[in-house]
Structure formats: structure tokens, C-alpha cells
1. Which of the residues spanning the stretch 78-93 are buried (at least 24 other Cβ atoms within 10 Å of the Cβ), farther than 21 Å from residue 248 by Cβ and either among the small types (Gly, Ala, Ser) or over 22 Å from the mean Cα position of the chain (by Cα) (or both)?
2. Kindly indicate whether residue 104 is surrounded by fewer than 21 Cβ atoms within 10 Å (Cβ to Cβ) and within 22 Å of residue 216 (Cβ to Cβ).
3. Would you check if residue 75 is out of contact with any Phe, Trp or Tyr (no Cβ under 7 Å at 6 or more places or on another chain) and either surrounded by 22 or more Cβ atoms within 10 Å (Cβ to Cβ) or polar (S, T, N, Q) (or both)?
4. Just one of 177, 161, 203 is within 19 Å of residue 85 (Cβ to Cβ) and surrounded by fewer than 20 Cβ atoms within 10 Å (Cβ to Cβ); which is it?
5. Counting only residues that are small (Gly, Ala, Ser) and not in a helix (DSSP H, G or I), which one in the stretch 124-155 is farthest from residue 85 (Cα to Cα)?
6. Please find, within the stretch 222-251, the residue that is modelled with the highest pLDDT out of those that are within 23 Å of the chain's Cα centre (by Cα) and assigned to a loop (DSSP other than H, G, I, E, B).
7. Have a look at 70, 74, 65 and point out the one that is aliphatic (A, V, I, L, M) and farther than 18 Å from residue 249 by Cβ.
8. Could you grab the pairs with beta carbons closer than 8 Å, sequence gap of 6+ or different chains, first residue in the stretch 242-256 and surrounded by fewer than 17 Cβ atoms within 10 Å (Cβ to Cβ), second one at pLDDT below 85 and not hydrophobic (A, V, I, L, M, F, W, C)?
Amino acid sequence: MPTRLKWLSIVRSPVGATATVLVLLVALLAIFAPPCSGGAQAQAIDTYGTQQGPSAEHLLGTDALGRDVLARVLVATQLSVALAVIAVLIGVTVGTLLGTAPSVLPRWAGRLVVGIVNIAVAFPGLLLALFFAVVFGVGTTGAVLAIGFAMAPSFARLTQTMSAAIAGRDFISAARTAGVSRLRILIRHVLPNIAEPLIVNATVAAGGALLAFAGLSFLGIGVQLPAYDWGKLLSEGLNRIYINPAAAFGPAAAVIVA
């Protein structure tokens, strides 16, 4: 089946159509929520309207400074999604470099890289993220690097596996016989043939990265004030969940939907 028809059949299915609508909704919120009135409303302090519950004016209530919780959840979409995408790009780039390194490095160096990747893959991703968060420091930059490098081993293993499968093809053997260098074979023949699975896995990993960011910010080692993402808002809402459960429900629902 052609790629175009395959995508059309997926989008026309109930699950595919729902996923497409939700992805478009998240993307539109990330682009348009901050410049619109939600951005100003999310920062507007009202000392006379603090800790309010849901109402017609504030659907998810207000926080400790009287700011609209729903507006803050919508505005936080941009930072939450952007950080997840940047972390995935770091993970894919570093993982691809590590995964293809044995193809161009001397044999002893390639074995060393493979061994390091195998050790890193043995650890859970969240544990690696926490380790790198300590190494890179608390804050947005440290969290991005931590999650990106924590995702790199899985992409490196995937790249190694797919590169090994491609290496046995006839066109690779023909290129080697013609005297083409290993680096040129990697760039011209191997990477284009493994790009599609990498892209698919990157889209799946984006959801995991977003959840990891929310977790780090919830623990206080991710995004720091005055910036805020869904994890930060969830942490603030959970502290007063018995007063206004909607303040915690809003960012939690956003993470689940995204």
C-alpha cells in the first residue's frame, strides 16, 4: 500500500481521527494560547480573588495570587510541548551518533561505544533522567539535557540494530566493493534507509519526554519560577487539592491528552 493511502486509512479510523484532532489541538494551543488573551489573564494578579474554586469567570478557579488556572494551563502548553520536542531532538541526534559510530570508528572504539550503550540501556529512562538532572543542575536547561541524554541510549540501540540489518544488503556490499568510504556509505545509504523508523519512534518518545518533564517539574528540579509548565502547575494544584481539586485536574488532564 502506498504511504499516502496508508496514512489516509489511519486518519479515517476512529482512533486515528481522534489522535489527529488532539494533536492539532495541542499544536494550536502551543502556538496561539500565549499571544491571545490567555497570556495576559494568566499573569493578572488579583489579591481579592485568591484560592477561588471553579466559577463562570474562572472555570478551574484561581491560584494563590488570584491568577486564572485555566489560562495558565493553556499558556503552559507552549513551554511543555517545546521542551519535549527539544529533548527528543537531542535524544535522536545523540542516539543516532552513538548508534552509527561503530560503523565508522576503528573496531576497538566501536566495541567500546556498543558496550557503553548496552550498559546505559539496562537502566530505566527515568532513573537516567534523574541522574543527568543532578549532573546538569536544576532548571529548564538541565532538565532538557537530562531527558535528552536519558533518551539517547534507546535510540542508539535502535540505530545499531537497524544499521546492522542494512549492512548486510547487496547495495551496501556493492558500494564497499566499489571503494566507497564507510562514512559515505553511512550518509548516503544507511541513514536514509533507517530514517522512517527513527521518526516514528521519535514521535512516540515525545509523549514520554513530556511526561518526564512534568515529573521533573513536579519534583521541583525542572522548570523554575517565574516560568511554569504543566508539571509545575500540577505541583501547585496538588498542594491545595482538598480546597480546589480543579486546580490539579487541569494540568493533569493536559498531560494525559497531550
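The values are calculated or read from the model by the stated rules, or taken from the named source; none is laboratory data. Just so we're clear, the structure is a prediction, and the values are computed from it rather than from any experiment. Here the Cβ is made from the backbone with ideal geometry for all residues, glycine too, and neighbour counts use every protein chain on show.
1. 87, 91
2. The answer is no for residue 104.
3. When the stated conditions are applied, residue 75 passes them.
4. 203
5. Selected residue: 137.
6. Going through the qualifying residues, I end up with 229.
7. Values: 70 fails: farther than 18 Å from residue 249 by Cβ; 74 fails: farther than 18 Å from residue 249 by Cβ.
Criteria check complete, one pass: 65.
8. As it stands, the answer is 243/51; 243/53, since those pairs meet every condition given.
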